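Here's the structure we're looking at; comments come further down.
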Amino acid sequence: MPRSLGVLGDRWEQAFLVATGGALVGGGAAWLAGATAVADGFWAAGTAVAVPPAVVWVAAAVRRGRAGVDLIAALALAGTLAVGEHLAGALIALMLATGRALDAAAERRASRDLRALLERAPRSARRRSGDDLVVVPLADVRIGDVLVAGPGEVVPVDGRVLTGPAMLDESALTGESALVERGAGEAVRSGVVNAGGAVDVEATATAEDSTYAQIVRLAEQAGAQRAPVVRLAERYAAWFLPLSLGVAGAAWWLGGSAVRAVAVLVVATPCPLLLAAPVAIVSGLSRAARRGVIVRDGGALERLGRARTLLLDKTGTLTTGRPRVLQVVAAPGRTPSEVLRLAASLDQMSAHVLAEAIVAEARARALALPPAREVTEEPGRGVTGTVDGRRVTVGKTVMPPEARPGWARAADNRAALDGAAVAWLTVDGALCGAVLLLDPLRHDAPRTLRRLRSAGIGRLLMLTGDRAEPAREVAAVVGLDEVRAEQLPADKVAAVRAEAARAVTVMVGDGVNDAPALAAADVGVAMGARGSTASSEAADVVLVTDRVDRLADAMEIAVRARRIAAQSAAGGMALSLAAMVAALLGRLPPAAGALLQEGIDVLVIVNALRAVLPRRGAGPGLEPATEDLIRRFAAEHDDLADVLDAVRDAASLLAVEHGPRALGAVREVDRLLTERLLPHEYAEEHELYPALAGPLGGGEATATMSRAHSEIDRLARRIGTHVRVAGAAGRLRPEQLEDLRACLYGLHSVLRLHFVQEEENYFSLAP
């Protein structure tokens, strides 16, 4: 029965269950002892105990405009007392009590993740004051305060690690169980648990503005609000009452006895109709929370389950939102490593997002970065300083495109084709190299959009403020239906409203400029891990972890919860109707009907609780060792980026010269392939692919990738043969050039495609 009882609390519910259960058991014991009068007294008392709450439920239903659905239960109780069917009355009373208790237990189970989120919210913090630690209320923490998080404690506010490394459990925010290591200077979000030793954290936000507080505010709003499917159940119940009364009247008329009518009312008690849909929706909310998705309310979950159109921002949604080095181009006489080392040494002193990417790439390649001196930065132009005694500039160049050397024009051309930004390196006034940077596509984006289409999304659009060229390239890779580039916030709102007029529409974004569009959509989804507060506050759904595949998880959960809700409500009603027909024909006496209705209640509520469990076949279950392998090979892909650059650069060099420098470049490629790339491919074939065969359903799932390994090996051996032939002659022979260039360009293309396919299909499986 409904949860909201007003004056009756949880303790009364327990007492109600004990009283009705005790009356039924006491009556049963008396009946077995042959004291039928005493048994009837126990059962009548149990029935009478249930009448007052049933009347209260009727009154509460009338106030909510839901008159009639609880009236059946009250009539059934009164009818059993009137015709002397005391056992049936006692069974109905116990059914009401256990149904209410089961409903409460279901909500407690389904909501435990949301409640746990609220219960974990820190109330105080330990702040350093000189050599002392002072416990202060969380509201007193200010930006710049140094706080101490002890082992097992929750980090109270957003900050940065002062004494690293810190081992953190971020599962409450991200849904991922793996521990994360944060070094000194790295950002840490409130709500994560310190899984290592005590760590000092400098506050970068107040408690009110911290990540965990924002999530808690959303979670406090999450609950089993009535979604349209719940209101649909209530509409069913509105005609279920007159139907039940009509069947009861017909039973009385056909059987000539009020007992049949009471039997009809007993099995017509509509608990399944009222319990199933809310339990399924709340279960869906809980399941989503476990996956790192906070849904504002049940209505949002239900709308998400009916969505047919999805609109996405590009930067930070389909792409990572963090620029990465695409290629390092060196002028003749210099090497890519030298260019990157000089650029990163200077960019250490800059806070620009492109400078951070250049420094991160240099550190990933283990380059030693000397200190830069006399550094100045001109906004919009770049950074200038002294490195190794030479005057170095990183940023834009004043040299007009037509005056640039051939290698620089080639870099410009690639940047234009790939939609990349270019940071030029100048040493002592001479242009010496370029670093191309690109905001890369998320590895999990293509798979996510395929899953969304499978879940019911029929139309996918991108709304981005970026230029048309990079937007179209991303759209082509992930398979979007339409792209709208250079969109202002007002343009996005207009597009969302136009789409929402045709179908239930979801908008996904992460920036402040996305907030109006998120608010305008039927369902707004914010990438909350790194998104703005404005977008999160405007959204109905927040993806707490920085993974776009959580959107597909949320969609699948919503579709399944909505289907289970409708299935449970309709199934319970159908079973009750069948029982009513049996009672009408005199085949089901009141006592047996009460037992049957109790079974129907339990059945539909248990079915509704399936929404809190993962769907069968929801995804491949990976062993921890397999996840470790995936992470290892994903890291190796990053490390092998310079090998791909070397292959492409050697092919480009062969197009302009065939002398010793070209031969040296090809020999270096052969060394890199032999020492680094081929061992990586061999290990994937013999370690990773066998581990993935089981979760992916057999070896055929990796057969195409294995064929790519064979082609990579063939091209690498062919290049090695060219190197040996050239070595014997002391130079590259003219007859080698065409095939060697074809091998290098072909290998580069196969490697790029192979890497992307592995990252999309395999590496995105690991959290």
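Some values worked out for this structure:
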quantity	calculated
Breaking point among (1) outside any helix (DSSP H, G or I); (2) touching a helix residue (DSSP H, G or I) at 6+ places or on another chain (Cβ under 9 Å), for ALA558	(1)
Residue within the stretch 418-432 that is charged (D, E, K, R), within 25 Å of ALA641 (Cα to Cα) and under 20 Å from the mean Cα position of the chain (by Cα) present	no
Residue in the stretch 20-37 that is in contact with a Leu (Cβ under 8 Å, 6 or more places away or on another chain), among the polar types (S, T, N, Q), closer than 14 Å to GLY84 by Cβ and touching a residue at least 24 places away in the same chain (Cβ under 8 Å) present	no
Residue match in the stretch 725-736 (condition: open to solvent by 60 Å² or more (accessible area, probe 1.4 Å) and touching a residue at least 60 places away in the same chain (Cβ under 8 Å))	yes
Output for the stretch 142-156, where each listed residue is modelled with pLDDT under 90 and not small (Gly, Ala, Ser)	PRO151, GLU153, VAL154, VAL155, PRO156
Selection count where residues are polar (S, T, N, Q) and either assigned to a strand (DSSP E or B) or over 23 Å from the mean Cα position of the chain (by Cα) (or both), scope the stretch 476-516	2
Single residue of ALA582, ALA594, ALA569 found to be in contact with a Leu (Cβ under 6 Å, 6 or more places away or on another chain) and either open to solvent by 20 Å² or more (accessible area, probe 1.4 Å) or free of Cβ contacts under 8 Å to residues at least 24 places away in the same chain (or both)	ALA582
Residue list for the stretch 652-675, filter: open to solvent by 40 Å² or more (accessible area, probe 1.4 Å) and either of a type in the set (Ser, Thr, Tyr) or more than 22 Å from VAL750 (Cα to Cα) (or both)	SER652, VAL656, GLU657, HIS658, PRO660, ARG661, THR674
Some residue of the stretch 342-359 being assigned to a helix (DSSP H, G or I) and polar (S, T, N, Q)	yes
ARG671 within 26 Å of PRO336 (Cβ to Cβ) and outside any helix (DSSP H, G or I)	no
Filter pass, ASP439 being under 30 Å from LEU765 (Cβ atoms) and in contact with a Gly (Cβ under 9 Å, 6 or more places away or on another chain)	yes
Number of the exception - ALA529 against (1) under 17 Å from THR319 (Cβ atoms); (2) modelled with pLDDT of 85 or more	(2)
The stretch 745-761, residues that are touching a residue at least 40 places away in the same chain (Cβ under 8 Å), more than 10 Å from ALA708 (Cβ to Cβ) and either open to solvent by less than 10 Å² (accessible area, probe 1.4 Å) or among the polar types (S, T, N, Q) (or both)	LEU747, ASN761
Members of the stretch 674-687 that are more than 16 Å from GLY720 (Cβ to Cβ) and either of a type in the set (A, V, I, L, M, F, W, C) or not in a helix (DSSP H, G or I) (or both)	ALA683
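The values are calculated or read from the model by the stated rules, or taken from the named source; none is laboratory data. Note that the coordinates shown come from a computational prediction; the quantities given were computed from them, not determined experimentally. Here Cβ is always computed from backbone atoms with ideal geometry, including for glycine, and neighbour counts include all displayed protein chains. Accessible surface is based on the protein model in full, side chains and every heavy atom, while ligands, DNA and RNA are left aside. Shrake-Rupley method; radii C 1.70, N 1.55, O 1.52, S 1.80 Å.
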